[in-house]
Structure formats: C-alpha cells, structure tokens
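K.L.:
Sharing a structure with you now.
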Amino acid sequence: MKIAAAARIFASHYQIVVCDDVSAFTEETNWRDGDLEKGFAGNERFRMVCTEADMNDHWVEVLIAESPPDFDPWQRVTCVGLKCISGRVHVMSVIDDDPPISLDLPEGEYSVFVAGCNLGIDQNSLGEEGDLTDEQLAKRKDLEWYRIFLVPGNPEKMGKLKDT
C-alpha cells in the first residue's frame, strides 16, 4: 500500500474531520449522547473522529486500500462509514477553510478506518519546547499520529474497533 497523501492536521477540539463536502456538517449530528464512546460523530458525508493529545497537532497519512488494515500495530482503530457523492474526500480540522488533504475518489460508499498510535503523547507531555516543521513531525512516530485507510464499501461495524 502506498500513502496517497499526508499532512499536519490541527485537530481542533480533539477531532479530525473526514468528509466529502466541507459544507455537509450539520449541528444536529454534532457530538450527541453516546458519540464520544463510539469515538466519532457526524453524518454520512461529514465524520469527526476523536483524538487525544492536548496540543492537537498530528501527522496524518491517508491510504486508499482494498481491505481493512491489520489492527495489531495500532493503539486505536475507529471505523466510520462515509458516503462520497462529490468525487472528493477531504481530511481536515473543524476550523480549516481549506482542507490540508483532498483526494479524488470515485463516488460511492467507503469504510474509513482511522488508526492511531501514541495516543495522548505530544511535545508538551514529553517536556519538549519549540515548533516542529512538517518534515520533523512526519518522522516523529513517538508522538500521536494517524493513518487513515479508505476502503470501498460500507463498513461491517462502526465505532472503536480496537482501543488499548
């Protein structure tokens, strides 16, 4: 598998957005009762997935895959369904005007697996100061980071599939 895109995402309010249309957000689906336990909120075209580290500064890689990822290397894997009718999928913060990651994908239903490692670990928790460049952050696999797997088809199950 090859990484289709990667970028720094500022996960404002401890969430990463995966959507097909940045305007598809609705207040009615914004973190209702039970959503935090599932690990995600939103609607079929605009998903928000929980993060942990206080600095909210994460390296995020996106892969287009044929099957779900191996869960073993990941601390948490959250799966959501995403309906793409625009032919584009964006990965961003809830406060981004322009998504740092945008991919052209065929219209259809997708299973989105958001896999994370080193949850809750950031520069502050390690007692580090100073800003990291994108290149430095990409290499820091000792900090909280994510890999998102976009798999064609509806998910069999949604929510936190692994959480250790």
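K.L.:
With the structure loaded, tell me whether Ser102 is assigned to a strand (DSSP E or B), within 14 Å of the chain's Cα centre (by Cα) and surrounded by fewer than 19 Cβ atoms within 10 Å (Cβ to Cβ) or whether it fails that test.
P.N.:
yes
K.L.:
Right, next: For Asp72, are the conditions met, namely being open to solvent by less than 10 Å² (accessible area, probe 1.4 Å), of a type in the set (D, E, K, R) and more than 12 Å from the chain's Cα centre (by Cα)?
P.N.:
Working: open to solvent by less than 10 Å² (accessible area, probe 1.4 Å): no; of a type in the set (D, E, K, R): yes; more than 12 Å from the chain's Cα centre (by Cα): yes.
It is false that Asp72 is open to solvent by less than 10 Å² (accessible area, probe 1.4 Å), of a type in the set (D, E, K, R) and more than 12 Å from the chain's Cα centre (by Cα).
K.L.:
Something else: I'd like the full set of residues that are over 21 Å from Ile121 (Cα atoms) and either surrounded by fewer than 22 Cβ atoms within 10 Å (Cβ to Cβ) or touching a Cys at 6+ places or on another chain (Cβ under 6 Å) (or both), limited to the stretch 7-25.
P.N.:
Listed by number, the residues that qualify are Asp20, Asp21, Val22, Ser23, Ala24, Phe25.
Residue-wise test of (1) over 17 Å from the mean Cα position of the chain (by Cα); (2) aromatic (Phe, Trp, Tyr); (3) in a strand (DSSP E or B); (4) crowded, with 16+ Cβ neighbours inside 10 Å.
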position	(1), (2), (3), (4)
Leu82	no, no, yes, yes
Ser86	yes, no, no, yes
Phe113	no, yes, yes, yes
Asp131	yes, no, no, no
Gln136	yes, no, no, no
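K.L.:
Separate question: Looking at the stretch 141-153, can you tell me whether even one residue there is more than 18 Å from Tyr14 (Cβ to Cβ), assigned to a loop (DSSP other than H, G, I, E, B), touching a residue at least 40 places away in the same chain (Cβ under 8 Å) and among the aromatic types (Phe, Trp, Tyr)?
P.N.:
no
K.L.:
Among the residues that make up the stretch 68-84, is at least one of them within 17 Å of Val151 (Cα to Cα) and basic (Lys, Arg)?
P.N.:
Yes, some residue in the stretch 68-84 is within 17 Å of Val151 (Cα to Cα) and basic (Lys, Arg).
K.L.:
For the stretch 88-99, which residues satisfy the criterion of being open to solvent by less than 50 Å² (accessible area, probe 1.4 Å) and under 12 Å from the mean Cα position of the chain (by Cα)? Full working, then the answer.
P.N.:
Step one: list which residues in the stretch 88-99 are open to solvent by less than 50 Å² (accessible area, probe 1.4 Å), which gives 89-93, 96, 99.
Result: Val89, His90, Val91, Met92, Ser93.
K.L.:
Being in a loop (DSSP other than H, G, I, E, B) and surrounded by 19 or more Cβ atoms within 10 Å (Cβ to Cβ) is the filter here, so list the residues in the stretch 26-44 that pass it.
P.N.:
First pass over the stretch 26-44, keeping only residues in a loop (DSSP other than H, G, I, E, B): 26, 30-34, 39, 44.
Gly39 - this is the single residue of the stretch 26-44 that is in a loop (DSSP other than H, G, I, E, B) and surrounded by 19 or more Cβ atoms within 10 Å (Cβ to Cβ).
The values are calculated or read from the model by the stated rules, or taken from the named source; none is laboratory data. Predicted model, so just to flag it, every value in this text is computed and none were measured. Glycine gets a Cβ as well: all are built from the backbone with ideal geometry, and neighbour counts include every protein chain shown. Keep in mind that these areas ignore ligands, DNA and RNA; they rest on the heavy atoms of the full protein, side chains included. Shrake-Rupley method; radii C 1.70, N 1.55, O 1.52, S 1.80 Å.
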